Amino acid sequence: MATQNNTLSKGIDWTIVWLYAALVAIGILCIFMVEYRADGNWMSTLFSGKTNYSKQILFAAFCAVVGMFILLTDSKLFTALANLLYAFGILLMLATFVIGKNINGSKSWIPLGGGFNLQPAELCKIFAALALAKYLSRPETVFKKTQSQLLATAIALLPAALSILQHELGLALVYTAFLIPMYREGMPAQILIIAISFGVLVIASLTVEPNLLAALLTLLAGGILYLLRKSIRRNRSIIKIVAACWIFCVGTQRLLVPYIFNNVLECYQSTRIYSMVGRDYDCSLNQKSARKGKERPAKKPDDYNVRQSKIAIGSGGFTGKGFLKGTQTRGKYVPEQHTDFIFTSLGEAFGFAGCCLFLGIYLFLLFRIIQMGDRQRSTFSRVYAYSVASILFFHIAVNVGMTIGLFPIVGIPLPLVSYGGSSLLTFTILLFILLRLDADRQMVLR
């Protein structure tokens, strides 16, 4: 048995293990900085489970055990159980509608007792990554076909749809990260271009006066027709395509975007997105909140959060105020500073230099994972590696952008650093499954 375990551990990329341990330790340190009080005996509460940092230590210990168990697991188990785990994850998400616990307006948690809660939408990221890798690695899957692309997209976005129904818009957005591994496996670049263009159109609809934007779209369509005038003589259908695109864009700007913000999103969600582009949202237009009797005046409820976050990070300067010397984060001026805004404690204590070093650890981790993905012989392992890298990148970019006001507040944790058992367990399993698959990269898994 000892010989078998030694063989299993030989191919493990220990660099990623050390990077993982460093990020978890930084997370515990940041949570400790937020909760530390000079008049308290922190040593007595270090492993008590009564403070957030002591709970995170217990979470980390449990995750270390889970990680070691995964490293001693046969890689074939993940391919064999991929679809079953995905179905289990979807059932867990559906179960939240029946037995779920409402936390901060989101009914996406399952109470486990003892003050601990499970968020299935977090775990389902693992299952979706495995299921997508399983589907794309099948010999009969021809990913150049539209049918295969649609089915792969459905695998990735079904949990996102359930997250939206649970009022977890942030976690729903994370599932769009699966477009990157699908693009890596051959999804046409046009789809990504269309998705990015649609995002630009939505932002333009929020920032540009409606009549002016419609005029600009009309001029753009006219310019395209002028540039393609020679091709149009040979193929008249180009006019129909350009006209259809113009109708879609103007219809999106005039009808779809206002409808989504006034009838689909909650008032606070619309306000957050408008705040990101420097605009005020009139909550009296929000029919969804009005039906629930939640009308409130137009204002920026999250402007305070972002403003305090910027003050905390900015007050750190270049080198920071020093360990346990932050006044903003320790004074609890920043909301949710141990979860979504944990980056502010790091910025205030260690400044710009510390933030760059911290983000450098993330960058090195992402680079290492991509390297790992490119050296896989198996399509399953490669797709899974790119899925892990994409999920991590999305979380990091959105969370950091959120704390400095470049992205609306959507409640996405910073990987391995933000407080939370579900989040830490999810990223632990994601990474350690990848380590196990990489250790067996000479095998072709399907």
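A quick yes/no check of all residues on (1) at pLDDT below 85; (2) farther than 30 Å from Leu77 by Cα; (3) under 19 Å from the mean Cα position of the chain (by Cα); (4) part of a helix (DSSP H, G or I):
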residue	(1), (2), (3), (4)
Phe143	yes, no, no, no
Leu151	no, no, no, yes
Gln190	yes, yes, no, yes
Ile196	yes, yes, yes, yes
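Give me the residue from segment 177-212 that is among the hydroxyl-bearing types (Ser, Thr, Tyr) and in contact (Cβ under 8 Å) with a residue 40 or more places away in the chain and, out of that set, surrounded by the most Cβ atoms within 10 Å (Cβ to Cβ). Taking the candidates together, the pick is Ser205. Among the residues of segment 315-365, the ones that are among the hydrophobic types (A, V, I, L, M, F, W, C), part of a loop (DSSP other than H, G, I, E, B) and farther than 22 Å from Gly421 by Cα come to 3 in all. Yes or no: Ser163 under 28 Å from Ser422 (Cα atoms) and among the polar types (S, T, N, Q)? Answer is yes for this residue. Exactly one residue out of Glu348, Glu295 is at pLDDT below 80 and either not assigned by TED's automatic domain parsing to the domain that holds Gly405 or not hydroxyl-bearing (Ser, Thr, Tyr) (or both), and it is Glu295.
Quick one: which residue in Leu365, Leu392 is touching a residue at least 24 places away in the same chain (Cβ under 8 Å) and in contact with a Pro (Cβ under 6 Å, 6 or more places away or on another chain)? The match here is Leu392.
No other residue among Ser205, Ser163 is among the small types (Gly, Ala, Ser), within 21 Å of the chain's Cα centre (by Cα) and outside the structural domain of Ala397 (by TED's automatic domain parsing) apart from Ser163. For the residues Phe358, Phe323, the requirement of being surrounded by 19 or more Cβ atoms within 10 Å (Cβ to Cβ) and either at pLDDT 85 or above or not polar (S, T, N, Q) (or both) singles out Phe358.
Here is a yes/no grid of residues against (1) modelled with pLDDT under 90; (2) assigned to a helix (DSSP H, G or I); (3) in contact with a Cys (Cβ under 6 Å, 6 or more places away or on another chain); (4) surrounded by 19 or more Cβ atoms within 10 Å (Cβ to Cβ):
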{"site": "Val66", "(1), (2), (3), (4)": "no, yes, no, no"}
{"site": "Phe69", "(1), (2), (3), (4)": "no, yes, no, no"}
{"site": "Leu84", "(1), (2), (3), (4)": "no, yes, no, no"}
{"site": "Ala95", "(1), (2), (3), (4)": "yes, yes, no, no"}
{"site": "Asn102", "(1), (2), (3), (4)": "yes, no, no, no"}
{"site": "Ala131", "(1), (2), (3), (4)": "no, yes, no, yes"}
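Entry remark, segment 375-426: residues being crowded, with 24+ Cβ neighbours inside 10 Å, part of a helix (DSSP H, G or I) and aromatic (Phe, Trp, Tyr) number 3 in total.
The values are calculated or read from the model by the stated rules, or taken from the named source; none is laboratory data. On a predicted model such as this, the values are computed, not experimentally measured, just so you know. Glycine gets a Cβ as well: all are built from the backbone with ideal geometry, and neighbour counts include every protein chain shown.
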